[in-house]
Every structure is written in structure tokens, then in C-alpha cells.
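S.K.: After the C-alpha cells below, expect a handful of questions from me.
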Amino acid sequence: MPKFVNLGFEPDFVPYLDALREQRAVHALVAAGQQEDTVLLLEHESVYTAGKRTEDSERPTDGTPVLDVDRGGKITWHGPGQLVGYPIMTLPKPIDVVAYVRWLEQVLIDSIADFGLLTERVEGRSGVWAPIPGGHLKIAAIGIRVADHVTMHGFALNCNNSLDAYDTIIACGIRDAGTSTISILTGKEVTPAMAAERIKHHLTRIGTRIAA
């Protein structure tokens, strides 16, 4: 069972670079066998981050600063109302990164279902999606890095955040689909702290099936 650490929820939003330093410190300990697998859970201060595959045309159109980071994926937003999770976990050998991403998606799908919202995978696209007539809306993004057999970065789950920050970017490089939140689609107020408890439950429940 991994160790869970709540780094900060409303009103104690966590600056992105502070969380990144904590990630790197924990990653070094886990990779050295000096600490058990650890999952950091938090809400960030508002920030755009760009993965290694981000194209210039996907960046903010208004000159808003962007932090370039060493995860996979493209540009996204983090901020109040969104649950961010950083699982720092040793992967089984041989390493199967795709299987890890599918496992993380299933944790999210099961957790979101506890709030009465059906979500699913979309073939060819990472993350978790809510089906709507004629398409899908993205509810959760995933971007990871694996170093020394141990994962970093993770997922961002839209709980009750504003969607305004997505107006000036091409989120995750996807031009033909929008984003939404659990609260909007269920009509119920779902906070990141509430969602974190369900993530803990489901991540522990299926934690032995990463390589399945």
C-alpha cells in the first residue's frame, strides 16, 4: 500500500515549483529504496505547464507564462478546484508504461463513478473522458515520467474549477474536444479534497494490478 501525503488543499494552494521539488526529493528516496511508494495529493496555485511534446501554437495566446516540465504530454493548466495527484511508484519489471497509464485511468474512472458520473477512455488519447451526445469532454489529464524505474508527475482531475483558463490554450494539444468538471456534469459540488478520498480508496484497491 502506498503512503499518501496531502500537500495542500483550499485555501492552502501549493505553488507548482514547490511541489516539483517535493516530487524530486521523494522520487530520489523511493528510487534508492529508502521510502515506500508515495502519492502526493494537492491543489496548485494557477499555472500552465508544458510537457515535452507541446507545440508553439498550443501555448497561451495572451503571453501568459508557461513552465516547461520534464513529463510527457503537452500543455495543460493546474489550479484551484482541480485535484492533482503525483504517484511516485516503482513499476514492475519489465516496465510497461502504457499499462501504468491504463491503470491510472482506471483509478480515475472508478473514483469519478463514486460521484455518479460515467467516464471512459477514448482510443488513441490518454486521460479520462465523459461521453456526451456527439463526442466527449475531458475530465482528467495524465502526463508522466519514469526514471530509475520510478514514476513521477501524474494526473489532474477537474472537480469544481473554473474552465476559463482553458480558453487561451489548446489543452493537451486536442483541438476537437472540450473540457468539463465533475461538478458541472453532475450538478453537485465536488471538491478536490472529496475526490482525493475516493482516489486513495481506489488506488489502494487496484494497486496490485499495475502490470495487469
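The values are calculated or read from the model by the stated rules, or taken from the named source; none is laboratory data. Quick caveat, the model's predicted, so the values are computed rather than measured. Positions of Cβ are backbone-derived with ideal geometry, glycine not excepted, and every protein chain shown enters the neighbour counts.
S.K.: Could you identify the single residue in Val84, Val66 that is under 17 Å from the mean Cα position of the chain (by Cα) and not basic (Lys, Arg)?
M.R.: Sole residue among the options that is under 17 Å from the mean Cα position of the chain (by Cα) and not basic (Lys, Arg): Val84.
S.K.: Then there is this: Name every residue in segment 16-47 that is over 21 Å from Leu203 (Cα atoms) and of a type in the set (S, T, N, Q), in order of residue number.
M.R.: Scanning segment 16-47 gives Gln34, Ser46.
S.K.: Please determine whether any residue of segment 101-120 is loosely packed, with under 15 Cβ neighbours inside 10 Å and either of a type in the set (S, T, N, Q) or at pLDDT below 90 (or both).
M.R.: Taking every residue of segment 101-120 in turn, none turns out to be loosely packed, with under 15 Cβ neighbours inside 10 Å and either of a type in the set (S, T, N, Q) or at pLDDT below 90 (or both).
S.K.: Name the residue, out of Glu10, Glu22, Glu58, that is of a type in the set (D, E, K, R) and in contact with a strand residue (DSSP E or B) (Cβ under 6 Å, 6 or more places away or on another chain).
M.R.: Only one candidate qualifies: Glu58.
S.K.: Got a sec? Which of Gly72, Gly81 is touching a residue at least 40 places away in the same chain (Cβ under 8 Å) and either in contact with a strand residue (DSSP E or B) (Cβ under 7 Å, 6 or more places away or on another chain) or at negative phi (or both)?
M.R.: Of Gly72, Gly81, the one residue that is touching a residue at least 40 places away in the same chain (Cβ under 8 Å) and either in contact with a strand residue (DSSP E or B) (Cβ under 7 Å, 6 or more places away or on another chain) or at negative phi (or both) is Gly72.
S.K.: Separate question: From the list Ile75, Ile144, exactly one residue is surrounded by 21 or more Cβ atoms within 10 Å (Cβ to Cβ) and either among the aliphatic types (A, V, I, L, M) or over 21 Å from Glu45 (Cβ atoms) (or both). Which is it?
M.R.: Residue meeting the stated conditions: Ile75.
S.K.: Here's a follow-up. Output the number of the condition that Phe13 fails; it satisfies all remaining conditions of (1) touching a Phe, Trp or Tyr at 6+ places or on another chain (Cβ under 6 Å); (2) over 26 Å from Arg205 (Cα atoms).
M.R.: (1)
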